[in-house]
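The values are calculated or read from the model by the stated rules, or taken from the named source; none is laboratory data. For clarity, every value in this text was computed on a predicted model and none was experimentally measured. Positions of Cβ are generated from backbone atoms using ideal geometry, with glycine treated the same way; all protein chains shown enter the neighbour counts. Each accessible area value is taken on the protein alone, full model and side chains, heavy atoms only, with ligands, DNA and RNA left out. Shrake-Rupley method; radii C 1.70, N 1.55, O 1.52, S 1.80 Å.
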Amino acid sequence: MKKIDSHILVIFGASGDLTQRKLIPAIFNLFCRGFLPRHFAVLGCSRTSFSDDDFRNKVVYNNEHLKQKKTTSEEEMKRFADQIYYQPVDSSVSNDFEKLKNRLEALDGSWSTRGRYIFYLSTPPSIYEVIPEQLYKYGLTKENDGSWKRLIIEKPFGNSLSSAKALNLELLRYLKEDQIYRIDHYLGKETVQNLLVTRFANSIFEPLWNRNYVHHVEITSAEDVGVEKRGGYYEHSGALRDMVQNHLLQLLAVVAMEPPVQASAKDIRNEKLKLFQSIRPFSHEDIRENVIRGQYMASKIKGKEVKGYREEHGVNPDSRTETYVAMKLFIDNWRWAGVPFYVRTGKRMPTKVTEVVIHFKSTPHHLFAGSNQMHTDNILVIRIQPNEGILLKFGMKVPGEGFNVSRVNMDFLYEDLANAYIPDAYERLLLDCMQGDPTLYARGDSAEATWAIVDPILEAWKEDKEIKMYGYPAGTWGPENADILIGEGKSWRYPCKNLVDDGLYCEL
Ligand code: BG6
């Protein structure tokens with residue numbers, strides 16, 4: 001592991017949910033695992049006026065997400081809390097940044113952090129440009145004599161191609177590209193990283209990983225929850241912006257990219273960019289035929305009434321925002337020519353699961369014709385979450401007379417590994433940024449490239465009133481029409497059944 005320099009982590013939006021739910025627990029785990037440098041402090045910033053102690057109580061002592069972690073001694077907990085500080089900052093008040101600068105200089109002196117700062121933007125995106133500008137104005141983005149400065153920026157990174165380009169341009173006025181870390185927590189998932197290892201550290205998969213052997217690829221990310229308290233945000237986002245433009249396209253890139261020359265940030269990110277650029281642009285016709293959108297409707301799951309999306313708090317009762325999207329896309333390159341990739345995501349599905357499923361082609365000749373060999377095509381399931389692992393399905397002879405073939409499973413589960421500690425995505429990503437390793441962060445050009453893929457779909461949905469929005473009952477796998485996408489008598493893999501049998505699908 002690379003050495004981590006002493007530094008201060010400044011979190012903007014520190015009174016928000018992410019800090020409490022993800023960031024502080026991740027930092028705490030790094031602390032408990034001995035990864036943090038001895039000279040290290042966290043400075044929370046937001047508009048709320050907290051004292052250091054108020055903030056420590058909120059994010060450490062009374063943080064239920066921390067208590068769930070392994071117990072540590074009281075001294076350790078106090079030692080951790082004592083490294084956390086708070087500074088009120090209203091981003092619309094320039095003077096607050098001067099106070100921030102003074103505070104940072106004081107902490108820098110007491111913690112010997114030598115002007116090294118990570119700024120984490122966990123704020124509403126409307127101030128993503130304001131904060132870097134103010135930091136720049138007060139000299140807080142300037143690097144000299146080993147005093148590095150890094151900026152982590154949460155999603156959404158823009159809400160269209162043009163806004164993402166504008167944001168990139170704006171950020172580059174105040175920082176260099178190698179100072180900017182665009183976080184996508186899917187890339188921090190252990191199982192997503194393992195995809196690289198599965199592909200490129202084994203000789204048995206990669207020779208098959210192409211159009212000669214792969215029939216099609218499915219990527220599913222389903223959630224059983226609805227939009228919860230985030231209706232206001234989600235109304236302007238929808239599943240395509242919330243999940244596909246970032247998480248699922250990044251995952252697709254890891255599944256489909258070419259082997260990088262080296263396992264370096266530059267080489268891996270170059271290959272991912274090439275992959276995004278090889279995705280066939282969606283024509284209007286493709287969008288009508290190959291992209292399905294849906295919205296969950298009220299239903300009754302196990303006797304319990306579940307709200308429809310339009311009844312959720314903060315949601316327009318006539319909303320046309322999609323909570324489900326499924327699409328068929330092609331990658332126009334040598335490796336994948338003609339192989340369809342199916343990507344789907346949705347809220348209020350029967351279960352929470354993210355998985356990549358590689359469907360291999362049938363054998364060229366059905367030797368055991370008359371048996372059910374047709375239904376035994378090989379499938380490799382890479383389970384990103386939960387039950388993290390890899391499952392290979394292959395045909396085996398049914399013991400006894402004849403040559404009957406049935407499909408069996410070869411299953412690897414992470415939890416079976418001795419000492420399998422799976423760090424949370426934020427833990428891994430924060431650690432990488434502290435080490436100055438951007439491999440698992442999205443580069444500016446790839447953020448633009450992924451927007452270029454989804455932009456035409458957003459446009460078409462806005463303009464073409466004939467493109468249908470399907471309602472699906474909460475607790476089901478989404479619009480039935482999504483199966484038509486796959487065709488050839490094949491369907492999506494359904495890891496479990498619908499929770500609602502009598503729901504009707506309809507057009508909204
Ligand atoms: C977030 C989305 O980025 O990812 C959420 O905004 C979604 O809507 C979440 O629920 C899913 O992440 P995970 O790690 O739970 O699959």
**Report entry** Reference-scaled alpha-carbon Rg (2.2 N^0.38 Å with N residues) for the range 235-344
**Finding:** 1.36
Report task. Over the chain, calculate the relative contact order: mean separation of alpha carbon pairs under 8 Å at least 6 apart, over the residue count, as a percent. Result -> 17 percent
Query raised in the report: Using Cα pairs under 8 angstrom and six or more residues apart, how large is the relative contact order of the range 281-385, in percent?
Result: 19 percent
Report task. DSSP loop (so not H, G, I, E, B), at most 14 other Cβ within 10 Å: list which GluC sites (Glu not before Pro) in the range 203-275 pass both filters. Result -> Glu228
Query raised in the report: Between the range 443-508 and the range 40-68, what is the C-alpha centre distance in whole Å?
Result: 40 Å
Query raised in the report: Once the Cα atoms of the chain are picked out, what are the Rg and Dmax in Å?
Result: 24.4, 84
Report task. Express in whole angstrom the spacing between the alpha-carbon centres of the range 280-303 and the range 329-392. Result -> 20 Å
Query raised in the report: Going out from 0 in 5 Å bins, what whole percent of all Cα-Cα distances in the range 396-508 drops into each bin?
Result: 2, 8, 8, 9, 11, 13, 15, 14, 11, 6, 3, 1, 0
Report summary line: Measure of exposure for Thr321: accessible area at 1.4 Å probe, Å² rounded to 10, is 20 Å²
Requested in this report: Mind scanning Lys302/Lys328; Lys22/Lys229; Lys58/Lys176; Lys58/Lys137; Lys155/Lys176; Lys149/Lys352 and naming the pairs with a C-alpha gap bigger than 26 Å?
Outcome: Lys302/Lys328; Lys58/Lys176; Lys58/Lys137; Lys149/Lys352
Report task. Starting from the Cα-Cα distance between Leu169 and Glu466, subtract it from 0.36 nm times their residue separation and give me the gain in nm to one decimal. Result -> 103.3 nm
Report summary line: So, over other residues within a Cβ distance under 11 Å of Phe97, counting Lys, Arg +1 and Asp, Glu -1, the net charge is 0
Report summary line: Rounded to the nearest 5, the percent of DSSP beta bridges in the chain running antiparallel is 55 percent
Query raised in the report: Relative contact order, percent, of the range 165-317 when contacts are C-alpha pairs under 8 Å separated by at least 6 residues?
Result: 23 percent
Report task. Provide the packing ranking of 109-119, 72-82, i.e. peptides ordered by the mean count of other C-beta atoms within 10 Å per residue, highest first. Result -> 109-119, 72-82
Requested in this report: Keeping the other protein chains in place, figure out the carbon and sulfur percent of the accessible area of the chain, with a 1.4 Å probe.
Outcome: 51 percent
Query raised in the report: Which value, in Å², gives the accessible area per residue of the chain when a 1.4 Å probe is used on the protein heavy atoms?
Result: 45 Å²
